[in-house]
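Please treat every number below as a calculation from the coordinates, not as lab data. Because the structure is predicted, anything quoted here is derived from the model rather than measured. Cβ placement follows ideal geometry from the backbone for every residue including glycine, while neighbour counts extend to all protein chains displayed.
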Amino acid sequence: MSGHPDGDTFLAEVPTFASFAQIADTSLYRPVPQDWTIGLADVVQSTTAIEAGRYKAVNMAGAAVISAVSNALGHGRFPFVFGGDGASFAVPPGWAEAAERALAATATFVREEMALELRIAAVPVAAIRAAGRDLTLARFQVSPHVAYAMFAGGGLAWAEDEMKRGRFALPAAPAGSRPDLAGLSCRFDEIPARRGVILSVIVRPAAGGGAGPYRDLLTEVVGLVEASQDMARPVPEAGPPLVWSRAGRDFEARASRKPGQGLGGRRLRLAVGHAISSAILRYRIPIGGFDPARYLAELVVNSDYRKYDDGLRMTIDCAPELADRVEARLVRAAAEGVAVYGLHRQKAALMTCFTPSPTESNHLHFIDGAAGGYAAAASSLKMGEAS
């Protein structure tokens with residue numbers, strides 16, 4: 001399936017920005033067209049799965065949504081956001097049916113292969129605006145080849161709440177259905193913190209808190225982090241440690257095996273392939289059109305460790321003192337009625353990858369904390385909203 005002209009035309013009109021501090025600049029956002037559809041997914045009871053040590057599986061389920069939809073749409077451009085235990089995206093009307101089929105097949109795959117329940121929904125943008133919310137889009141250009149979607153306006157958060165209430169639900173595909181997950185992998189092992197702690201942060205506006213004070217808070221928090229020498233992106237400049245995850249190999253085997261292919265055989269083939277790719281990356285051995293040095297450099301800059309989806313999300317490698325300063329500022333913002341927030345500290349980060357082609361530069365790398373990450377931060381945010 002080729003690119004959809006309506007989607008391409010709209011995305012061409014959406015501004016891109018290179019400084020993450022600009023996420024609070026409302027002039028950079030454009031209204032998502034009225035006839036578009038929002039697709040959403042999240043892992044049900046993700047906190048329970050995390051407590052059982054299954055956060056890599058939870059991450060894989062969320063990233064599978066983006067991989068499945070992208071493959072179903074022939075890698076045409078569409079805006080999406082990875083949320084740790086789920087994902088959200090927007091598509092024009094000509095792509096809505098294919099995207100919904102991919103969502104439904106992903107829900108079946110996640111239940112049958114990963115023993116997780118994926119809640120899915122499709123919400124018309126028109127329904128969001130009828131409810132008095134808006135959905136606007138900007139794009140954060142992290143590299144010359146990758147720009148991640150930033151959603152604002154309150155509509156995405158409203159749609160997520162409606163999905164959790166059971167509205168706009170999509171049924172899972174029939175048993176045995178499988179999405180096309182080509183290019184999806186989570187083979188890298190955990191990435192240890194180098195500065196002391198991996199901090200996952202979520203900041204959302206408080207009800208009635210005022211848009212101006214909230215935007216000022218975002219600018220201050222992002223500036224505090226970016227100005228500090230005690231912060232870095234979780235993926236080291238030289239690339240992640242070249243240690244493969246056994247659990248990641250199992251998930252990749254389940255995602256990539258063909259109908260009728262045994263899981264054990266697929267694991268074995270992947271183990272051999274991983275050994276070869278490890279040597280290629282470690283020793284920077286060019287193979288055909290694949291340049292491992294270039295790939296690793298792009299992997300670092302393409303990593304998705306900061307985003308905005310009706311709330312700030314960051315997973316950063318930082319000193320405990322910087323984490324304390326960020327938390328103190330957010331405590332004050334919550335006390336002032338400006339924002340609600342969630343924080344989670346852990347010792348390592350996780351990376352889940354989507355590489356449609358290893359010789360192209362548009363490969364995507366989704367970052368989260370390795371011991372709860374955004375899902376744990378969201379859990380504490382919900383507690384704050386209830387208090």
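In this simple spin-label model, placing a label point 7 Å from the Cα along the Cα-to-Cβ direction at both Ala18 and Arg111 gives a separation of 4.7 nm.
The Cα-based radius of gyration of the stretch 247-292, divided by its Kirkwood radius, gives an Rg/Rh of 1.08.
Summarised in one figure, the compactness ratio Rg/Rh of the chain, Cα atoms and Kirkwood Rh, is 0.94.
Among Ala172, Ala149, Thr136, which residue has its Cα positioned farthest towards the positive end of the charge dipole of the stretch 87-174, with +1 placed on the Cβ of Lys and Arg, -1 on the Cβ of Asp and Glu, and the dipole taken about the Cα centre? It is Thr136. Model label points for Ser361 and Val44, set 7 angstrom from Cα along the Cα-to-Cβ axis, are 4.4 nm apart.
Give me the percent relative contact order of the stretch 244-358, please, defined on Cα pairs under 8 angstrom at least 6 residues apart. Relative CO of the stretch 244-358 lands at 11 percent.
The Cα atoms of the stretch 204-336 give a gyration tensor whose axes a ≥ b ≥ c have a/c of 1.5 or more with a/b greater than b/c, which makes the shape prolate. When exposed loop sites are taken as GluC sites (Glu not before Pro) in a DSSP loop with at most 14 other Cβ atoms within 10 Å, the longest stretch of the chain clear of them is 1-236. Modelled spin labels at Arg167 and Thr26, positioned 7 Å past Cα toward Cβ, are 2.4 nm from each other.
FRET efficiency for the pair Ile276 and Ser143, taken as 1/(1 + (r/R0)^6) with r the Cβ-Cβ distance and R0 = 22 Å, rounds to 0.25.
Only one residue of Ser277, Val340, Thr315 has its Cα farthest out toward the positive end of the dipole of the chain, where Lys and Arg carry +1 and Asp and Glu -1 on Cβ, and that residue is Ser277.
Given their separation in residues at 0.36 nm each and the Cα-Cα distance between them, Glu385 and His75 gain 107.8 nm when the chain is fully extended. Relative contact order, whole percent, for the chain stands at 22, derived from Cα pairs under 8 Å and 6 or more residues apart. Summary of the geometry: the stretch 8-41 and the stretch 276-290, compared by the centres of their Cα atoms, lie 36 Å apart. Comparing Cα centroids, the stretch 98-150 and the stretch 48-94 end up 7 angstrom apart. Think of each Lys and Arg Cβ as +1 and each Asp and Glu Cβ as -1; about the Cα centre, that makes the dipole of the stretch 247-292 roughly 180 debye. About its Cα centre, what dipole magnitude does the chain give when the only charges are +1 on Lys and Arg Cβ and -1 on Asp and Glu Cβ, stated in debye to the nearest 20? Dipole magnitude for the chain comes out near 1040 debye.
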